[in-house]
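A.B. asks: Here it is, the structure, as C-alpha cells.
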Amino acid sequence: EPNAGERVWRAFLKGDPSVDLVHFTILRPPEKQDMTPLDELSLIVFPTEELFEEKLSGFDLVIFDRYSARGILPMAYYENIAAYVEKGGALLISAGPEFAGPMSIYRTPLSAVLPARPTGRIVAQPFKPQLSDDGFAHPVTGTLAGAGPKGGTPGWGRWFRLIGAERISGRTVMTGAGGAPLLVLDRVGKGRVAELLSDQAWLWARGFEGGGPEAELLRRTAHWLMREPQLEEESLSARIVGGDVAVERRTMAQTPPAVRLTDPAGKTRPVAMAPAGPGLWQGRAAADSLGLYHVSDGVLSAVAAAGPLNPK
C-alpha cells in the first residue's frame, strides 16, 4: 500500500546503480472494481503470473512493503515465493499495522519461511530502536552510527509504532519498545529472510529528533539478503601485514572454532585468536617465507600471499 515509508525504500533502491528495481504499488483494491473496460484504464493490469510464476527465480530480492493479503495474489503464488526462498532467494517484509490483522501476509503460505509470528498487538508508543546482543555482533547492525555502547541509549531519533511479534527462528538484531523484536534475520533453506516490524524508518530519513542511519540500515539489510560478502556474519579472512599473516574471524558464536595456518612449505600450526570486538576475533602468525599461506577452521578457509604475486 502507499505509505510514508515507501519513498524511502524506493529512493534507496533507485539510488544504487547496482540495483535494477521493479516496483509496483497497488492503488485500487479489489473492492473498488467498476465496469470500466480495461482498454480505457490508464493503469496496467498487475502482471501477477509473469512476476510470481514465470520470472520469479530471476529476482535477487522480493520486498513486501505494507502489504495486505487482499486476494490479489492467489495462494499458489505465495507458495511459489516460499519455495523461491528455500531454493536460494531472498525475502524482506516491511510490516505495518496490516501485519497484525486478519489480512496479514503471515496468514498465507509465506508463514512457512517467516522467522517472526505476529501476536495481533500493535504498540503505539515512542521508543528508540536498540541493538540486541546479536545485533552488536552482526555486520548488518553492529557498526551503525549512533548505536552507542551495550546497555547505553542510542543517539538517534524515536519511532512511534511497533508491530508485536514473537520470534520463532533466526536472530533478533534490533529491538523496540519493551525489548520486543524489531528486525529479525534468518536463513531458510538456501535462502534468507528479514522482517522489519515497524513502518517508521522514514522518520530517520526526515531527520526527526536528529534522524538516524536509515539508509545504511536498509542498504545493509537488503545486501545481506543478497549475500554481499562483507556482510556475512560467519567469515574468515587473511592478509599479510608487516611480515605477519593477520587472520580475522567473524562469528556469532561465543568463541570461534580453532584456526590453523598452513605455510608455503606445507607445515601446519595453530593461530591464537583474541577478541577484537563483538562477533570479531583476530590473530597473527609470522610469515617467515615467501609464498601462499592457507588458513582454515574446518569449515571456512582463506589464503594470503607473502611476497610478489608474480615472482620471476
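The values are calculated or read from the model by the stated rules, or taken from the named source; none is laboratory data. Note that this is a predicted model, so its numbers are computed, not measured. Cβ sites come from the backbone with ideal geometry, for glycine too, and all protein chains shown count toward neighbours. For the accessible areas, the whole protein counts, side chains as well, though only heavy atoms, and no ligand, DNA or RNA atoms are used. Shrake-Rupley method; radii C 1.70, N 1.55, O 1.52, S 1.80 Å.
A.B. asks: Go through the stretch 76-87 and give me each residue that's modelled with pLDDT under 95 and among the small types (Gly, Ala, Ser).
C.D. replies: Ala76
A.B. asks: Oh, and also: Look at Glu31 and say whether it is in a helix (DSSP H, G or I), at pLDDT 80 or above and surrounded by fewer than 17 Cβ atoms within 10 Å (Cβ to Cβ).
C.D. replies: The answer is no for Glu31.
A.B. asks: Residue check: is Arg187 farther than 22 Å from Trp9 by Cβ, of a type in the set (Lys, Arg) and under 14 Å from the mean Cα position of the chain (by Cα)?
C.D. replies: Spelling it out, Arg187 is indeed farther than 22 Å from Trp9 by Cβ, of a type in the set (Lys, Arg) and under 14 Å from the mean Cα position of the chain (by Cα).
A.B. asks: From (1) touching a strand residue (DSSP E or B) at 6+ places or on another chain (Cβ under 9 Å); (2) open to solvent by 30 Å² or more (accessible area, probe 1.4 Å), pick out the condition that doesn't hold for Arg206.
C.D. replies: Just one mismatch for Arg206, condition (1).
A.B. asks: If we keep just the residues of the stretch 48-88 that are among the β-branched types (Val, Ile, Thr) and part of a strand (DSSP E or B), which is most open to solvent (accessible area, probe 1.4 Å)?
C.D. replies: Of everything passing the filter in the stretch 48-88, Ile63 is most open to solvent (accessible area, probe 1.4 Å).
A.B. asks: Next question. So which residues in the stretch 89-105 are open to solvent by 10 Å² or more (accessible area, probe 1.4 Å) and in a helix (DSSP H, G or I), if there are any at all?
C.D. replies: Pro97, Glu98, Ala100
A.B. asks: So which of Leu225, Leu218, Leu197 ends up being farther than 30 Å from Pro264 by Cβ, touching a Phe, Trp or Tyr at 6+ places or on another chain (Cβ under 7 Å) and in contact (Cβ under 8 Å) with a residue 60 or more places away in the chain? Write out each step before concluding.
C.D. replies: Working: Leu225 fails: touching a Phe, Trp or Tyr at 6+ places or on another chain (Cβ under 7 Å); Leu197 fails: touching a Phe, Trp or Tyr at 6+ places or on another chain (Cβ under 7 Å).
Sole residue among the options that is farther than 30 Å from Pro264 by Cβ, touching a Phe, Trp or Tyr at 6+ places or on another chain (Cβ under 7 Å) and in contact (Cβ under 8 Å) with a residue 60 or more places away in the chain: Leu218.
A.B. asks: Next question. Filter the stretch 239-259 for residues that are more than 25 Å from the chain's Cα centre (by Cα), crowded, with 18+ Cβ neighbours inside 10 Å and touching a residue at least 60 places away in the same chain (Cβ under 8 Å) and give the result.
C.D. replies: Val245
A.B. asks: Could you tell me which residue of the stretch 163-180 is nearest to Ser198 (Cα to Cα), considering only residues that are over 14 Å from the mean Cα position of the chain (by Cα) and crowded, with 16+ Cβ neighbours inside 10 Å?
C.D. replies: Ile163
A.B. asks: Right, something else. Yes or no: the stretch 210-228 includes at least one residue that is loosely packed, with under 15 Cβ neighbours inside 10 Å, out of contact with any Lys or Arg (no Cβ under 8 Å at 6 or more places or on another chain) and in a strand (DSSP E or B).
C.D. replies: No; the residues of the stretch 210-228 include none that is loosely packed, with under 15 Cβ neighbours inside 10 Å, out of contact with any Lys or Arg (no Cβ under 8 Å at 6 or more places or on another chain) and in a strand (DSSP E or B).
A.B. asks: Can you run down the residue pairs with Cβ atoms below 8 Å, 6 or more apart or on separate chains, where the first is in the stretch 125-141 and more than 15 Å from Leu197 (Cα to Cα) and the partner is part of a helix (DSSP H, G or I) and open to solvent by less than 20 Å² (accessible area, probe 1.4 Å)?
C.D. replies: Pro139/Trp224; Pro139/Leu231; Val140/Leu217; Val140/Thr221; Val140/Trp224; Val140/Leu231; Thr141/Gly135; Thr141/Leu217
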